[in-house]
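Reviewing the structure listed below.
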Amino acid sequence: MNEIKKPIQRGQLRQVLGKEYFILKRQWDWFFSDKTYSKQTFTSSCNHSVFKHRSLVLRPLKDVDMYLQENKRTNLKIAIQHLNDIEIKPNEYFSLWKLVGRPTKRKGYLEGLVLKSGKIDKDTGGGLCQLGNLLFWIFAHSPLTVKERYRHGFDVFPDINRKVPFGAGATLSYNYIDLQIKNETKNSFVIKLWMDDTHLNGELFSKEKLKVSFKVEERNHQIKQQFWGGYSRHNQIFKIITSPHAITEKMIVENHAIMMYDPFLGEKKA
């Protein structure tokens, strides 16, 4: 249970070619898929707030230049223009990357923070994972169904000022590491996103007022030492749905990550 193999370091050429292969594979899937993807801004009235969340943009991190955080602000501003006011109609899929497109310098994206094999790096469009985290947390508090979501295989930063449980987010990499949601209800939803001086903000609205409420909580959290010497972190994220007649729950994601810091560094010795 919860055994994780020691990471394999692959050559740079293999990493680049592998990434482009999966990008083409996803584009092929988009073209030939029979899925209906959300692409229109809302035309109907969606005035009922479902859930709202915000996250701090400029968050100082150890050994990370602040210009990468400033660039992240620019990257987020560009990306949310393609997502704001998108309506998710019944039976439609919401795909973040299908709406945002590939982040390139030509489109105005700047060099930002990314994680590669558990190490801090930089790349064009870096920092958009914050958008994936925010959207996942919002969608988790709604009737929308998570169909595709990925989590970093590495836990890089300790839980300092963490506002949501570990693993309650979604990592992104164009376009095959995506966040996809399906609307399996008869209701329509609209996502609104905006930036202020300090935070990335998001709010989900519905056309019809919901008769249920949602709560998200972490369960079965544990830290385990692996046979090869490193530590790993594990948990499950559950959604609790409360209706006038019943309370139901379901696990929406399970996380397994290699820790890139000593989990017991702050403990006092006896």
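The values are calculated or read from the model by the stated rules, or taken from the named source; none is laboratory data. Predicted model, so just to flag it, every value in this text is computed and none were measured. Glycine also receives a Cβ, built like all others from the backbone with ideal geometry; neighbour counts cover every protein chain displayed. Side chains are part of the model used for accessible areas, which takes the heavy atoms of the whole protein and leaves out ligands, DNA and RNA. Shrake-Rupley method; radii C 1.70, N 1.55, O 1.52, S 1.80 Å.
Here is a check on your reading of the model: is LYS182 open to solvent by 30 Å² or more (accessible area, probe 1.4 Å) and modelled with pLDDT under 95? Considered against the rule, which asks whether it is open to solvent by 30 Å² or more (accessible area, probe 1.4 Å) and modelled with pLDDT under 95, LYS182 comes out as no. Of the candidates LYS211, LYS186, LYS182, the single residue that is over 17 Å from the mean Cα position of the chain (by Cα), closer than 27 Å to GLU92 by Cα and in contact (Cβ under 8 Å) with a residue 40 or more places away in the chain is LYS186. If the condition is being farther than 15 Å from ARG73 by Cα, touching a helix residue (DSSP H, G or I) at 6+ places or on another chain (Cβ under 7 Å) and of a type in the set (Lys, Arg), then segment 93-127 contributes only LYS98. Just one of the listed residues (ILE247, ILE177, ILE240) is more than 15 Å from the chain's Cα centre (by Cα), without any contact (Cβ under 8 Å) to a residue 40 or more places away in the chain, on the phi < 0 side of the Ramachandran plot and open to solvent by less than 50 Å² (accessible area, probe 1.4 Å), and it is ILE240.
Candidates in segment 120-135 are the residues that are closer than 19 Å to LYS147 by Cβ and not polar (S, T, N, Q); of these, the one that is nearest to the chain's Cα centre (by Cα) is GLY132.
The number of residues in segment 132-174 being open to solvent by less than 40 Å² (accessible area, probe 1.4 Å) and on the phi > 0 side of the Ramachandran plot comes to 1. For segment 219-226, state whether one or more residues are open to solvent by 70 Å² or more (accessible area, probe 1.4 Å), of a type in the set (S, T, N, Q), over 21 Å from HIS53 (Cα atoms) and at pLDDT below 90. Yes, segment 219-226 contains at least one residue that is open to solvent by 70 Å² or more (accessible area, probe 1.4 Å), of a type in the set (S, T, N, Q), over 21 Å from HIS53 (Cα atoms) and at pLDDT below 90. Summed over segment 2-42, residues that are open to solvent by less than 100 Å² (accessible area, probe 1.4 Å), among the aliphatic types (A, V, I, L, M) and either within 30 Å of SER206 (Cα to Cα) or at pLDDT 75 or above (or both) total 2. Taken over segment 60-106, the criterion of being loosely packed, with under 14 Cβ neighbours inside 10 Å and more than 30 Å from GLU208 (Cβ to Cβ) is satisfied by PRO60, LYS62, ASP63, ASP65, MET66, TYR67, GLY101, THR104, LYS105, ARG106.
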